[in-house]
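Encoded as C-alpha cells, the structure appears first; notes follow it.
The values are calculated or read from the model by the stated rules, or taken from the named source; none is laboratory data. Everything quoted here is computed from the prediction, not taken from an experiment. Cβ placement follows ideal geometry from the backbone for every residue including glycine, while neighbour counts extend to all protein chains displayed.
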Amino acid sequence: MSASTLSTRELYDRYVIPTYGRFDLQLARGEGSYVWDEASKRYLDFGAGIAVTSVGHCHPRVVRVMCEQMASLVHTSNLYYTRPQAVLAERLVNCVGAPGKVFFCNSGAEANEALYKLARKFGNEGEPPAARHSVGEMIEPCSSRHEIITMLGSFHGRTLAGIAATGQEKVKKGFEPMVQGFTYVPFNDSPALLAAVQEPGTVAILLEPVQGERGIYIADADFLRQARGLCDRHNLLLMFDEVQCGLGRTGDWCGWKSILGTDEVLPDAISWAKGIAGGFPLGAIWVSDRLVHLKGGATLPLCDLLGPGSHGTTFGGTPLVSTGANEVLSIIEEEGMLENARVMGAYAKAAIEKLESPLIKEVRGIGLLLAFELADDFAERVAVPKGQTAALYLVNALHEAGLLSVPSGAQAVRWLPPLNVSQSEIDEAVAILSSVLLSPS
Ligand SMILES: Cc1ncc(COP(=O)(O)O)c(C=O)c1O
C-alpha cells in the first residue's frame, strides 16, 4: 500500500469519526516543553496533552527505558505476572502512603469504571450500615445499596457510566437513558452532601479534589473532611478521581494532600490516568485495605473485594507501559518535580495576575494545574466572532503566537505545562499571553 497523498487534515476529514472539535494544528514532533507542527513551527506546550506529558516530551530517560523494554517484552496479557507491573503497584501504593492495592487499566474513564464496580460490589456484598448500627431493629434488605453521590460540574470520562457520573448535562445529551445510580450535589456544599446521603441507598461519594475540566475549582479542605466524616458515619466509600490532579500536578503525589497540607483525610479508593505514564495510555486505581464486613459475617480487605473474574482488561499495565510509568514517577521524584510544580505554579499564577489585564477576571489553581477565567465582557471588548466562545478565541490567538493551552468551558483557559517547566518557559508563556491580550485580534 502506498503512502497517502492527502494532507493530514484531509485524511482526518475523510477517515476519522469527528467526535472531537480539533484545532487546526498538525503536530509532528515534541521535545521537553515544546512541540513542532508539520511546517516546523515551534509551540510552547502548556497543554501537555491535557495534563499528560508530565516530564515533557521525549524525556531521554523515558525514551531509553521504553526502547529497551520494547526490545524485551511488550505485552503478555494479565494471565501472567510481570515485574514492571508489580514494581509500579508498589510505587503507587507508596505514593498514597497508606496500605492498599492497585488495579491497572488504560484510561481515566476506565479507572473510574473500576471505582463504580468496586462501589457496586461493596453495596451488594458488604453488610449494610443499619444492620451493624441499629441493634434490635427490623432491617430492610439492602439489595438497592448502589447510589454514588458525585458533584455538579464534575467530569469522570466518556463511558456510559462515566457520563452518568459526570455532573454536566452536556456530556449526556443524546445518550439517554443514563446508567442508573448517580446523585449530584453542588461542589463544596457540605449541607447538600449531608442531605443527599440516603440510608440504605447511598454507597459512595466520588469527587475530584480539583475539578479540572470545569476550569480548575479546588475542593475546600473542610468539604473533604466533611465528606470523610459522612462516609465514616454511614459506612460509605470515599472515592477521589485524581485522574487530572493526581501524581504530581498539584506539587504532591496526592492532589487532596496539597489542599489539606496534612494526611488527615484518606480516601477509600483513588483513580489515576493522564500523567501517570507521561503520555503512554495507562489508568489505575488504588483501593485501601480497610476491612469490609460482608453480609455472611466474614470480613475482607476492601482491596480484595474485586476478586478473580470480577473485573479485567487485556492491556491494563503491560510491561511496556508499566516500565514507562515507573520511569516517569522516578524522574518526578529524582529531578525534584513535585517541588518544581509548587514553585513554578505559584510563579506562573502570580505572573498572570501581575499582568492586571482587564480581560482576565481571575486566576485559579494549585501547583501546575492553573486556569484563568476571562472577563465577562471579553467577547464584546475583543469582538469575538459570533458562534465562538471567548476561551476558544483566545486559545486560537495563543496558537498563532506560538503557545498551546487548553480551553475549559466558554470562559476559562488552562495552563498545564510539564512538571519540569522552567521559569524562563513560564516567562515566555506570560509574554505571549500579554502580547495577545494587548492586541487580541
Ligand atoms: C477528572 C477526570 N476524570 C476522568 C477523565 C477521563 O479520562 P480519560 O480521558 O483518560 O478517559 C478525565 C479526563 O479529562 C478527567 O479530567
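Tell me, yes or no, whether the range 208-216 has at least one residue that is small (Gly, Ala, Ser) and within 15 Å of the ligand (Cβ to nearest atom). Yes; the residues of the range 208-216 include at least one that is small (Gly, Ala, Ser) and within 15 Å of the ligand (Cβ to nearest atom).
Restricting the range 103-127 to residues that are over 16 Å from GLY309 (Cα atoms) and not in a helix (DSSP H, G or I) leaves a set whose member that is nearest to the ligand (Cβ to nearest atom) is SER107. Can you give me the number of residues within the range 260-271 that are within 18 Å of GLY229 (Cβ to Cβ) and either within 15 Å of the ligand (Cβ to nearest atom) or in a strand (DSSP E or B) (or both)? Qualifying residue count, the range 260-271: 2.
From the list ILE205, ILE216, which one is crowded, with 24+ Cβ neighbours inside 10 Å and more than 21 Å from TRP286 (Cβ to Cβ)?
Being crowded, with 24+ Cβ neighbours inside 10 Å and more than 21 Å from TRP286 (Cβ to Cβ) holds for just one of ILE205, ILE216, which is ILE216.
Looking across GLU137, GLU90, one residue alone is at pLDDT below 95 and either surrounded by fewer than 16 Cβ atoms within 10 Å (Cβ to Cβ) or part of a loop (DSSP other than H, G, I, E, B) (or both). It is GLU137.
Selection of the range 304-356 for residues being without any contact (Cβ under 8 Å) to a residue 40 or more places away in the chain and part of a loop (DSSP other than H, G, I, E, B) yields GLY307, PRO308, GLY309, GLY336, GLU356. Taking the range 272-284 as the range and being within 11 Å of the ligand (Cβ to nearest atom), in a loop (DSSP other than H, G, I, E, B) and of a type outside the set (A, V, I, L, M) as the test, only PRO281 passes. Residues in the range 76-111 that are under 20 Å from the mean Cα position of the chain (by Cα) and more than 17 Å from CYS254 (Cβ to Cβ): PHE103, PHE104, CYS105, ASN106, SER107, ALA109, GLU110. Cβ separations smaller than 7 Å between residues 6+ apart or across chains give the following pairs from the range 283-299 residues that are over 29 Å from LEU88 (Cβ atoms) to residues that are of a type in the set (D, E, K, R): HIS293/GLU127; HIS293/ARG132; LEU294/GLU125; LEU294/GLU127; LYS295/GLU125; LYS295/GLU127.
Of the strands (runs of 3 or more DSSP E) entirely within the range 363-428, those holding at least 1 residues that are free of Cβ contacts under 8 Å to residues at least 60 places away in the same chain and of a type in the set (A, V, I, L, M, F, W, C) occupy 369-374, 412-415.
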